[in-house]
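Visitor: Quick one: the structure is below, and I'll ask about it shortly.
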Amino acid sequence: MIWTNFKKKVNTKKNKYQTKRFWAGFLLAQILLFFMLSKIGFAVELFARFFELKKRFHQQLFARIPFSVGDVFYIVVFIFLGFILINTIRKVSRNKSLIWLFVAINSFYFIYQLFWGMMYFQHPIREKLPKGVVTAKQTKELALIYLDRCRKTRELVSEDGRGVFEIENFKEVETEILRRQKHLPKIIGSQKSTAINSFKPSLFRGIMSYTGIFGYYNPFSAEAQINAELPSIFLPFTLAHESSHQLGFAREQEANFVGYLIGKESGNSDLRYSTEYFVLKSLLNALAEKNPAFVKQVLSAYSPGMKRDRNAEKAFIKNHAGILDSLFGITNDLFLKSNQQDGSVTYSYFVNLLIQYEYSPDQQ
């Protein structure tokens, strides 16, 4: 009897070890499989078509729920991981906990890649735009153009008691973004707007303010999350950016470019001003290292209202700087580079797309 019980315990431990080994091997196989698929254009195209087919249903699924379902999902995942960690430390059902952890990681990774991860490997937008060499002269010319546009549009928007830009009606901004999605130039892709408002304020906005993250697309719920604590100057363009992810543009700087296309000709002054301000700031950032005198000259030519908006922006960033900002900056930088993108503080690709588009023969 003692020998039988001993054999059962040994066999149980052996089975649990083999189960953990299986799920660890399965995860490795998944990583290798998706890596190989990312190198095959036809396979990437199939994933893009799948995204296009499912995005309307996916967005409709959670759009009517007034809070962020995706954030609730992340909270549940965090609690689950905490439960697993505690059990592992206390040696309570350690083997079962680790098996559940491997199963969860495998499921999470597969759904992420199926719904979103492979979208990073689509043909870059730059290959669809007219070829040309981007010069400092063009960048400066465009910076001056957008300085003039910003100054004019700034006169059309509302202010708060401090004289800082304030969004008049955020719902109208959301509606305008969905409307403008339908007028994107066909040259950049065949992605179609669903016209479904699945924009949500993030439940993590207090934390996000200290991470440097303005918003994000949740691939599990297809919601466009935004940090509602941001200064108004950031909000409309950030939402246009996240809506670009909902359309199927995965790369960050390409989503910036699509956000620019959504906002540049908008009839909504709030969206247009936020877009023009972002474009101008990106152009100046691209020039800052080699042309500091020009950048200083442009900044001094900001209108009084633009200067107040810039000071409010700088104050917000300063008040929320810290270890979380640095940590998430490094993490985000590594994530972007692992998905064939420039790092988190690189504006060059967006500026190149912007200038290629603005100076293309069709735009002249």
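We did not get these values from a lab; they are worked out from the coordinates using the rules stated. From a predicted model like this one, the values you see are computed outputs, not experimental measurements. Virtual Cβ from ideal backbone geometry, glycine too; neighbours counted across all protein chains shown.
Visitor: Angle check, please: helix 323-338 long axis (alpha carbons) against the longest principal axis of the chain (alpha carbons), in degrees 0 to 90, nearest 10.
Guide: 80
Visitor: Longer than 20 Å from Cα to Cα, which of Lys131/Lys152; Lys54/Lys264; Lys171/Lys200; Lys171/Lys314 are they? Say none if no pair is.
Guide: Lys131/Lys152; Lys54/Lys264; Lys171/Lys314
Visitor: Next question, about the same structure. Where does the longest stretch of the chain lie that holds no trypsin sites (Lys or Arg not before Pro) found in a DSSP loop with 12 or fewer other Cβ atoms within 10 Å?
Guide: My reading of the result: 183-289 is the longest stretch.
Visitor: Could you give each residue of region 199-205 its phi-based ³J(HN,Hα) in whole Hz, using Karplus coefficients 6.51, -1.76, 1.60 with θ = phi - 60°, and x for Gly or Pro?
Guide: 8, 9, x, 5, 6, 9, 4
Visitor: Counting only DSSP beta bridges with both residues in region 125-363, what percent are antiparallel, rounded to the nearest 5?
Guide: 65
Visitor: Decide, for region 40-174, between rounded, prolate and oblate: order the square roots of the alpha carbon gyration tensor eigenvalues as a ≥ b ≥ c, take rounded if a/c falls under 1.5, and otherwise choose prolate if a/b is larger than b/c, else oblate. Walk me through the intermediate numbers first.
Guide: On the way: a/c = 2.44, a/b = 1.61, b/c = 1.52.
Prolate, because a/c is 1.5 or more and a/b exceeds b/c.
Visitor: Going by C-beta contacts inside 10 Å, put Ile145, Ile196, Ile31 in order with the fewest on the left.
Guide: The order, fewest Cβ neighbours first, is Ile31, Ile145, Ile196.
Visitor: For region 125-363, rounded, prolate or oblate, judged on the Cα gyration tensor with a ≥ b ≥ c (square roots of eigenvalues), a/c < 1.5 rounded, else prolate if a/b > b/c? Before the final figure, lay out each step's value.
Guide: Values: a/c = 1.17, a/b = 1.02, b/c = 1.14.
In terms of gyration-tensor shape, rounded.
Visitor: Could you pull out every residue, at least 5 positions away or on a different chain, whose amide H is within less than 5 Å of the one on Ser209? Hs are placed 1.01 Å off N in the peptide plane, and Pro or chain starts have none.
Guide: For Ser209, no residues qualify.
Visitor: Ok, one more. Enumerate the amide H contacts of Glu223 below 5 Å, restricted to partners 5 or more residues apart or on another chain; note that Pro and chain-start residues carry no placed amide H.
Guide: Hits under the 5 Å cutoff: Asn218.
Visitor: Now for a separate question. Which whole-Hz ³J(HN,Hα) couplings does region 106-122 yield from phi under the Karplus relation 6.51 cos²θ - 1.76 cosθ + 1.60, θ = phi - 60°, glycine and proline marked x?
Guide: With the stated coefficients, region 106-122 comes to 4, 5, 4, 5, 5, 5, 4, 5, 5, 7, 8, x, 6, 5, 5, 9, 5 Hz.
Visitor: Let me ask something else. With θ set to phi - 60°, apply the Karplus curve 6.51 cos²θ - 1.76 cosθ + 1.60 along region 132-145 and write out the HN-Hα couplings as whole Hz, x wherever there is a Gly or Pro.
Guide: x, 8, 7, 10, 5, 4, 5, 4, 5, 4, 5, 4, 5, 4
Visitor: Under 5 Å between amide hydrogens, which residues at least 5 positions from Glu166 or on another chain qualify, with H placed 1.01 Å from N in the peptide plane?
Guide: So Glu166 has HN proximity to Ser158, Glu159, Asp160.
Visitor: Add -39500 (n - 2.57) for each DSSP H run of 4 or more in the chain, then divide by its residues: what number comes out at 222 nm, to the nearest 500 deg cm²/dmol?
Guide: The helix-only estimate for the chain comes to -21500 deg cm²/dmol at 222 nm.
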